[in-house]
Amino acid sequence: MNPRGEAKLTELDLCAAEIGRSRSRILSVSLCALCATVRDKNRRLKASAPSAPKNVNRITPKGIESMNSKWLMALIAAATLTHAEPVRLIFDTDMGNDSDDLMALCMIHALQSRGAVDLLAVTITKDHPQAAAFTDAVNTFYGRPDIPVGVVKNGVTPEPGKFNLLAEAKDADGNLRYPHDLKSGIDAPEATGLIRKILAGQPDNSVTLVQVGFFTNFQRLLGSQPDEYSPLDGKALIAKKVKLLSIMAGAFQTINWNTRYLEYNVIKDIPAAQKLAKEWPSPVVWSGFEIGIAACYPYASIERDYGYIKHHPMPEAYALYSPKGHDRPTWDPTTLLYAVYPERGYFDLSPPGTVTVADDGATVFKPGKEGGGRDRYLVMSAEQSARVREAIVQLCVEPPRR
Ligand SMILES: [Ca+2]
Ligand SMILES: [Ca+2]
């Protein structure tokens, strides 16, 4: 208490209050900002208050009891914070068609190293055998060689990716530059069955799916039948197990004066996109084309930030994909960032509604009546864009903890 009888807020009090309000992990930076605010407030209180009389005991037994109680609450809250559940994630990617899929996978590994993510599997919608081999090589590079990898059969984009050939790169000594034991997608399980197996073993309403390629795998999951893993069909299994589908697809703003922009991930498999949009039973958040182009990954980071190791797949893939070097849109990383940190204010969300996919691949959003609807899409201000870009860079460049 100060001499005017005002309770003096401690940094811990406000941190504990903030922790109590949040259901997920909290950025230490936001706590630090909060603490700075409290420090300022306390300084102002101190400056404006008359000096306390000397020889006055300002802490009463009741005050001590109250302080102890607050400390206890803060410690309990801190313990809860430490043991926050990681996001259970299945990452569905067209690895090899653009370098931003690799950015997202690097981010996932950094997030898993700090306990924020539990990567249950990577499934691939690019139908080329090197995509799975390269994915396993990246997982191995990050010290997780046994992450399950599933592949699409009879999928779209069967041509080789520009950088998946890194899976077979060898150094002067003849050894693989990026060791891995899944040599080809031909040896990997089919994605739909793998996803069903994994979902069946997870708690209800606990799994986050991130789709940053085509709709093929998740549409097939939706139409899957009961099997040895679950008596539920695909739609019922998704409704029971999947908390969120975060998806990079479509466009929800005007792109270069085009109000009907046809986005790559949709138009490569339009029937699958239409079926998923029509029937998916759990919440969906769409990261439209406009988000990734508004928070490009700076090429300067590619040049400067990965030198801590002789060979890193990110700059080598980037060079193969974009030989001239340029800032690359972050379509897939933004989708991942929202999925892991939906409550951090990196993005705003549209009102709820429904997305449908037209026959030409256009994504059409209609707000729901009375605020209802399964779908939302990401919205990002210029201020948020700066935060998002920096978060993506810092997660991508984090060294492996092997
Ligand atoms: Ca492996
Ligand atoms: Ca992609």
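The values are calculated or read from the model by the stated rules, or taken from the named source; none is laboratory data. Please read all numbers here as calculations on a predicted model, not as lab measurements. For neighbour counting, all protein chains shown are included, and Cβ atoms are generated from backbone atoms with ideal geometry for every residue, glycine included.
Of the residues making up segment 307-355, just one is under 30 Å from G371 (Cα atoms) and of a type in the set (K, R), namely R344.
Candidates L337, L395, L349: the one that is at pLDDT 95 or above and in contact with a Lys or Arg (Cβ under 6 Å, 6 or more places away or on another chain) is L349.
In segment 170-188, the residue that is farthest from ligand 1 (Cβ to nearest atom) out of those that are farther than 11 Å from A133 by Cβ and touching a Leu at 6+ places or on another chain (Cβ under 9 Å) is K170.
Looking across segment 113-128, just one residue is surrounded by 21 or more Cβ atoms within 10 Å (Cβ to Cβ) and more than 28 Å from S206 (Cβ to Cβ), and that is H128.
With respect to the conditions (1) in a loop (DSSP other than H, G, I, E, B); (2) farther than 21 Å from W331 by Cα, K162 falls short on a single one, namely (2).
Just name the residue that is surrounded by the fewest Cβ atoms within 10 Å (Cβ to Cβ) out of those in segment 277-315 that are hydroxyl-bearing (S, T, Y) and more than 16 Å from the chain's Cα centre (by Cα). Applying the filter and picking the extreme gives Y308.
From L222, L245, which residue is more than 16 Å from ligand 2 (Cβ to nearest atom), surrounded by 20 or more Cβ atoms within 10 Å (Cβ to Cβ) and either closer than 30 Å to P160 by Cβ or not assigned by TED's automatic domain parsing to the domain that holds T123 (or both)?
Step by step, each of L222, L245 is checked, and only L222 is more than 16 Å from ligand 2 (Cβ to nearest atom), surrounded by 20 or more Cβ atoms within 10 Å (Cβ to Cβ) and either closer than 30 Å to P160 by Cβ or not assigned by TED's automatic domain parsing to the domain that holds T123 (or both).
Is it the case that S184 is hydroxyl-bearing (S, T, Y), touching a helix residue (DSSP H, G or I) at 6+ places or on another chain (Cβ under 9 Å) and without any contact (Cβ under 8 Å) to a residue 60 or more places away in the chain? Can you show your working first?
Numbers: hydroxyl-bearing (S, T, Y): yes; touching a helix residue (DSSP H, G or I) at 6+ places or on another chain (Cβ under 9 Å): yes; without any contact (Cβ under 8 Å) to a residue 60 or more places away in the chain: yes.
The answer is yes for S184.
Report those helices (runs of 4 or more DSSP H) wholly inside segment 39-150 carrying at least 2 residues which are modelled with pLDDT under 95 and within 22 Å of the chain's Cα centre (by Cα). By residue number, 61-82. Every test in (1) closer than 16 Å to P283 by Cα; (2) out of contact with any strand residue (DSSP E or B) (no Cβ under 7 Å at 6 or more places or on another chain); (3) not hydroxyl-bearing (S, T, Y) is passed by K241 save one, and that test is (2). Within the span defined as segment 155-171, one or more residues are aliphatic (A, V, I, L, M), surrounded by 15 or more Cβ atoms within 10 Å (Cβ to Cβ) and either within 14 Å of ligand 2 (Cβ to nearest atom) or modelled with pLDDT under 95 (or both).
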